[in-house]
Amino acid sequence: MRRFSGLVAVLLVCGVARAAGQQYFGQNNVQYRTFEWQVIRTDHFEVYFYEREREAALDAARMAERGYARLSRILRHQFKVRKPIILYASQSDFIQTNTSSGIGEGVGGFTEPLKHRMVLPFTGSYAELEHVLQHEMVHQFQFDVYSHGQIGGLQALSTVNPPLWFMEGMAEFLSIGPPDALTMMWLRDAAIEGKLPTIAQMTFDPRIFPYHFGHALWAYVGEKWGDEAVGEILQASVTAGVEGGFRRALGRSLDDLSDEWRDAIQTTVLPQLADHYRARRIAKPLLTQRRSDGTLHLAAALSPDGKDVAFLGERNSFFIDLYLADGETGHVKRRLIKSTINSNYESLRFINSAGSFSPTASSSRLRRSTRTATTS
């Protein structure tokens, strides 16, 4: 049993009148249900929760204090005041939050730069909870460092304007560690296709997704100079900017670091591919932008006879819907579910989803099963 790391075993009920609307963190979203918030106070956090997630909240409080002990050492920083952690019991509850608007399927948690509030759901996976908790806690440290411990102090943050690879990549590295299977997949694909980005491209090209490449870059820094170099760079960037922070801590310009990092990635991953076939040597693409429209083709399921394939995609619209396509050409036959106008669906959970046809049914009687998904 893990100990509390200073957890105060007192639960304070936040009993606030509903008429005043104060039980919510804002009033900009439609409320589907009322949450009776309670709070666990630890040495460095206030964990807000409601009764049916009490056990998970207690575990989250332990995780938070354990993570704080590690991150405060690496990032060379201590909180002056407790930081809020708002924990929802599910993804469905989480998207009702009034701390922010426009919570989409791909949001697994977030931290507000102004108030340093961490907001996240508990999806039933403790591994995922710890990952998201640590990731968002890194953001709390970043915002606190840039604001000099003052809630609402955004001047240094806006002056430095750290790019996403800097902020999100650091959070991924300090929450995951060395590149995991997903990050390595991105690196191998980029290396073999000649699309491994430079740091300048990660900074200025909005088409480059910064999380995994940023994760790999910070992992390279940690492996070569030690994890403490991450904190040194963060602290130095407050006054010297991102480029100056790397120069002070590592004695490297971003261009030099970019070349070294890309060389290291290619040296590592390219030899691994020598004994593997490229997919196009043994298969042909079926669902593609040219054949099926759109850029997303997710959770594909073949019909029993192989003549049709169902998938989740956006095609030429903004919303994710369920489509049926030809199993040989990939050409879309029709849309099976339009989630935006179907009263049975608030949204289709498309990131982690599974689908299947009934073995005895035609393709028009597709049976779907979806489950809540989370990311960072």
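For Lys195, give me every one of the lysines with a C-alpha distance below 23 angstrom, ignoring sequence neighbours fewer than eight places off in its own chain.
Lys284
Return the distance in nm (one decimal) between the two label points of a simple spin-label model at Ser125 and Arg41, each offset 7 Å from Cα along Cα→Cβ.
Reported label-point gap for Ser125 and Arg41 is 3.5 nm.
Extending each Cα 7 Å along its Cβ direction at Thr267 and Glu55, get the distance between those two points in nm, one decimal.
5.0 nm
List the chymotrypsin sites (Phe, Trp or Tyr not before Pro) within the range 231-284 that DSSP assigns to loop and that have no more than 10 neighbouring Cβ atoms inside 10 Å. Let's see the in-between values first.
On the way: sites: Phe246, Trp261, Tyr277; in loops: Tyr277.
For chymotrypsin sites (Phe, Trp or Tyr not before Pro) across the range 231-284 that sit outside H, G, I, E and B with at most 10 neighbouring Cβ atoms in 10 Å, the list reads Tyr277.
Below 20 Å, Cα to Cα, which aspartates and glutamates can Lys333 reach? Residues fewer than 8 away in the same chain don't count.
Asp293, Asp305, Asp308, Glu314, Asp321
So with the 1.4 Å probe, I'd like the accessible area per residue for the range 222-323, rounded to whole Å². Intermediate values should be presented prior to the final figure.
Values: 5870 Å² over 102 residues.
Computed with neighbouring chains in place, this is 58 Å² per residue.
Determine the gain in length on full extension of the stretch Ser253-Leu154; use 0.36 nm per residue of separation and subtract their C-alpha separation, reporting nm with one decimal.
Values: separation 99, 0.36 × 99 = 35.64 nm, distance 2.61 nm.
Full extension from Ser253 to Leu154 adds 33.0 nm.
Below 13 Å, Cα to Cα, which aspartates and glutamates can Lys224 reach? Residues fewer than 8 away in the same chain don't count.
Answer for Lys224, where 13 Å is the Cα cut-off: Glu260, listed by chain and number.
The values are calculated or read from the model by the stated rules, or taken from the named source; none is laboratory data. All figures in this text were calculated on a predicted structure; none of them were measured in a lab. All Cβ positions, even for glycine, are placed from backbone atoms using ideal geometry, and neighbour counts span all protein chains on display. Note: areas computed on protein heavy atoms with side chains; ligands, DNA, RNA excluded. Shrake-Rupley method; radii C 1.70, N 1.55, O 1.52, S 1.80 Å.
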